[in-house]
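J.: Handing you a structure now.
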Amino acid sequence: MSFFLVACQQISDSGKGELGAAHSNYLQNRAPLEPLAYLELPLGSIAPRGWLKEQLDHMASGMTGNLDSIYPEVVGPRNGWLGGDGDGWERGPYWIDGLLPLAYILNDEKLKAKLRPWIEWTLTHQTEEGYIGPVPFDREPENERGLQRGQRKDWWPKMVMLKILQQYYSATGDERVIDVLTKYFKYQLNNLPVRPLDDLTFWANRRGADNLQVVYWLYNITGDAFLLDLGNLIDEQTFPWTTVFLNEPNRTDSVPYRFYKMKGYPFDTTEINGTSVSQIGSIHTVNFAQGLKQPIIRFQQEPDPKYLKAVKKALHDIKKYHGQPQGMYGGDEPLHGTDPVQGIEFCAISEEMFSLESILKITGDMAFADLLEKITYNALPTQASDDFSSRQYFQAANQVELSDRVETSFEAENHKKTNFVYGILTGYPCCTTNMHQSWPKFTQNLFYGTPEGGVAALLYAPSTVEMKVADGIVLKITETTGFPFRNTVDFKLTLDRSARFPFHLRIPEWTKNFTIQINQKVFEPVIKNNIAILEREWKDGDTVTLTLPMQLTTSIWHKGATVVERGPLVYALKIRGEEKTKNRNDGYGEFTEIYPVDDWNYGLLRFDRDDINQSVRVVEKNWDGSYPWNLENAPIELMVKGTKLSEWKLVKGAPVFPRSINETTQMPKNSVIEEITLVPYGCSTLRITEFPTIDLR
């Protein structure tokens, strides 16, 4: 168990520690900030088990644990965050933002040793006025291929380091973090009026929420009133996400990405009236993923219902105008509509996960947990190789060839058509460094404390947690589950003495007729906002079994295409692939192309939605709980009826729907109906997820 005793205290203005909310064992918001719905546990309290442990081990032995040797020109000793004259912008901190939680969750001393120089240099090289980060050059340096050496005083990369220092304090309690952050935030308060967030680049303006949430976190520890003034200032200088999210949808005035580039505007410029989340090309996808949390972060200091309304509307609009069934959205840098061949950037997945995790703790709204679960268990696993040694820059809901001839995006020529292949430097290398926060931070959010001294499990995966409940009693929970492939989640509680406290369990929106058993006896909990609240006297050895029946469902997407889902998982056509290695010696390094060896151009027969179980056969395969995210190990398959569409062919390497495919595609003459296999989206590499819907009438 991590120390973090200070986390359960609030420091009053007089400097004396006082407990926050009654029985609250972990850091709660201090007035006047709105109370948090759930309280984050110290980093290291939660440990992965089973396949999740294997996933994190792959990261440790893959790129996350070895990026300094794989990508030394950027995250090697010349990096500005180590005092060097090399890369001094976002990519070094991006890596540490994932490496640090991985190291402490796995309690891996070798990984801790790798990240320690980055922390130490930052903590020990703060200037007298409070500046942290790479030492600015007297004049902007000459460009070096692949390095971001200039703009060292840009506010944006500092925001990533703020997240790192917050996590480091959570894991270690190093008081230097509090001193350094206090001094840095005073520096910001003095300098932002003359050098605002968008002084050097627009990135900090779009991503100010990353800065703001650490300001509020520090306020909860120190109670320094100036931090609330700084919060107001940062909010004033941040892109008006709430206003944009609340705009009425406006597709007729959409402005293509190249217009923005031609005019010199950033993609999501406020200079063009009517910008809204619905516009194609109007918003940079990673900025959207990070900006999504800004209204809710701000809500803590200004509790106006418009902020929650804005985020809900943003998610509704992004799904309607750009959505893909794995929980993400079409956006190859800018937003790019609903066509399932459009890519989504790995950075956007990592950052949207972090935004949803941040929002969930503040609001306690389980709709955000449902979406986080969908992204994590569908989009996330497939975008990196199993051994975490390579990644795609873009993934798409429909992708059946991953080669350097695929051309579906505005960005194709910018990256010489390397966006969809698996590589290290292919596409754009920001994702090479920013992909690492995804799984560790998801693990960190499997359990929370509740304000009244209880425990909450809002996301499900094999794991353990050690924490304090009630009046400081130590609780250990072992969670055993085959979720998301199986529908039961078992918890075993170990207590040093009996205690009364609530145990919160999320009931996903997608399930019906769930059951809860305590010590093998049915328990009827209080249900509030999709949370089952198990309030009772708990004893050592108690067990809880949550059963979440998974229903088959279908939904309609681009041009009337059908998507099949079951519980938290989206399903895609099983397509085997042939790998080919290529190196064009042009700076993108060696990469892997993958070509289909199976037919892929299938449409699905229109389902009888009232009796889908008659049309889909569920096959649960033998599975020992080990790593599941590939075709060979997929623990479950669905068998459905489909037919080939001869006119559906690749266009520049992509399975673009032909014009003949629409909402009412008729059964082709002389068609043969076949039984085809669907696998969980996260187990696929090549895939068709959105199927043309074939009407038999």
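J.: Looking only at segment 432-444, decide whether some residue is at pLDDT below 95 and not assigned by TED's automatic domain parsing to the domain that holds Glu90.
T.: So the first thing to find is which residues in segment 432-444 are at pLDDT below 95, and the list is none.
No, segment 432-444 contains no residue that is at pLDDT below 95 and not assigned by TED's automatic domain parsing to the domain that holds Glu90.
J.: Also, quick follow-up: Select the strands (runs of 3 or more DSSP E) contained entirely in segment 472-571, then report the ones holding at least 1 residues which are among the small types (Gly, Ala, Ser) and free of Cβ contacts under 8 Å to residues at least 40 places away in the same chain. Give the derivation first.
T.: On the way: elements: 473-481, 488-495, 499-506, 515-518, 526-528, 531-538, 543-547, 552-556, 562-566.
By residue number, 499-506, 531-538.
J.: Against the definition (surrounded by fewer than 17 Cβ atoms within 10 Å (Cβ to Cβ) and among the β-branched types (Val, Ile, Thr)), how does Thr172 come out, yes or no? Spell out how you get there, then give the answer.
T.: Numbers: surrounded by fewer than 17 Cβ atoms within 10 Å (Cβ to Cβ): no; among the β-branched types (Val, Ile, Thr): yes.
No.
J.: Here is a check on your reading of the model: is Ala461 farther than 25 Å from Lys621 by Cα and small (Gly, Ala, Ser)? I'd like the intermediate steps shown before the answer.
T.: Details: farther than 25 Å from Lys621 by Cα: no; small (Gly, Ala, Ser): yes.
Taking the combined requirement at face value, the residue does not satisfy it.
J.: Kindly provide the set of residues from segment 69-102 that are touching an Asp or Glu at 6+ places or on another chain (Cβ under 8 Å) and aliphatic (A, V, I, L, M), ordered by number.
T.: Once the filter is applied, which keeps residues that are touching an Asp or Glu at 6+ places or on another chain (Cβ under 8 Å) and aliphatic (A, V, I, L, M), segment 69-102 yields Val74, Val75, Leu102.
J.: Answer yes or no: is there a residue in segment 599-615 that is part of a loop (DSSP other than H, G, I, E, B), in contact with a Phe, Trp or Tyr (Cβ under 7 Å, 6 or more places away or on another chain) and at pLDDT 95 or above.
T.: Going residue by residue through segment 599-615, those that are part of a loop (DSSP other than H, G, I, E, B) are 599-601, 606-608, 615.
Keeping just the survivors that are in contact with a Phe, Trp or Tyr (Cβ under 7 Å, 6 or more places away or on another chain) gives 601, 615.
So of that shortlist, the ones also at pLDDT 95 or above come out as 601.
The answer is yes, given that some residue of segment 599-615 is part of a loop (DSSP other than H, G, I, E, B), in contact with a Phe, Trp or Tyr (Cβ under 7 Å, 6 or more places away or on another chain) and at pLDDT 95 or above.
For (1) charged (D, E, K, R); (2) farther than 22 Å from Leu650 by Cα; (3) surrounded by fewer than 24 Cβ atoms within 10 Å (Cβ to Cβ), each residue gets a yes or a no:
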position: Met328; (1), (2), (3): no, yes, no
position: Gly331; (1), (2), (3): no, no, no
position: Ile349; (1), (2), (3): no, yes, no
position: Glu352; (1), (2), (3): yes, yes, no
position: Glu357; (1), (2), (3): yes, yes, yes
position: Tyr377; (1), (2), (3): no, yes, no
position: Ala396; (1), (2), (3): no, no, no
position: Val406; (1), (2), (3): no, no, no
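J.: Which one is surrounded by the fewest Cβ atoms within 10 Å (Cβ to Cβ) among residues in segment 602-629 that are closer than 23 Å to Thr480 by Cβ and touching a Pro at 6+ places or on another chain (Cβ under 9 Å)?
T.: Asn622
J.: Restricting segment 672-697 to residues that are over 18 Å from Gly577 (Cβ atoms) and surrounded by 15 or more Cβ atoms within 10 Å (Cβ to Cβ), which is modelled with the lowest pLDDT? I'd like the intermediate steps shown before the answer.
T.: Initial filter on segment 672-697 (over 18 Å from Gly577 (Cβ atoms)): 672-675, 690-697.
Retained after the next criterion (residues that are surrounded by 15 or more Cβ atoms within 10 Å (Cβ to Cβ)): 690-694.
Working: Glu690: 97, Phe691: 96, Pro692: 95, Thr693: 91, Ile694: 88.
Looking at the filtered set, the residue picked out is Ile694.
J.: Here's a follow-up. Pairs only if they're at least six apart or on different chains, beta carbon under 7 angstrom, first in segment 188-201 and more than 20 Å from Gly150 (Cα to Cα) and at pLDDT 95 or above, second surrounded by fewer than 16 Cβ atoms within 10 Å (Cβ to Cβ) and not acidic (Asp, Glu); list them, first residue then second.
T.: Leu189/Phe226
J.: Scanning segment 226-239 for residues that are more than 23 Å from Tyr26 (Cβ to Cβ), hydrophobic (A, V, I, L, M, F, W, C) and surrounded by fewer than 20 Cβ atoms within 10 Å (Cβ to Cβ), which turns out farthest from the chain's Cα centre (by Cα)? Don't jump to the end; show me each part of the working.
T.: To start, the set of residues in segment 226-239 that are more than 23 Å from Tyr26 (Cβ to Cβ) comprises 226, 229-230, 232-239.
Then keep just the ones that are hydrophobic (A, V, I, L, M, F, W, C); that gives 226, 230, 233-234, 239.
If we keep only those that are surrounded by fewer than 20 Cβ atoms within 10 Å (Cβ to Cβ) too, we end up with 226, 233.
Numbers: Phe226: 31, Leu233: 27 Å.
Here the answer is Phe226.
J.: Consider Leu212 carefully, then state whether it is crowded, with 20+ Cβ neighbours inside 10 Å, more than 23 Å from Gln444 (Cα to Cα), touching a residue at least 12 places away in the same chain (Cβ under 8 Å) and of a type in the set (A, V, I, L, M).
T.: On the way: crowded, with 20+ Cβ neighbours inside 10 Å: yes; more than 23 Å from Gln444 (Cα to Cα): no; touching a residue at least 12 places away in the same chain (Cβ under 8 Å): yes; of a type in the set (A, V, I, L, M): yes.
No; evaluated as a whole, the condition is false for this residue.
J.: So, one more: Of all residues in segment 315-326, which are over 18 Å from Thr685 (Cα atoms) and crowded, with 24+ Cβ neighbours inside 10 Å? Quick ask: steps written out before the conclusion?
T.: So in segment 315-326, the residues over 18 Å from Thr685 (Cα atoms) come out as 315-323.
Residues satisfying the conditions are Ile318, His322.
The values are calculated or read from the model by the stated rules, or taken from the named source; none is laboratory data. What you are looking at is a predicted structure, and each value in this text was computed from that prediction instead of being measured. Cβ sites come from the backbone with ideal geometry, for glycine too, and all protein chains shown count toward neighbours.
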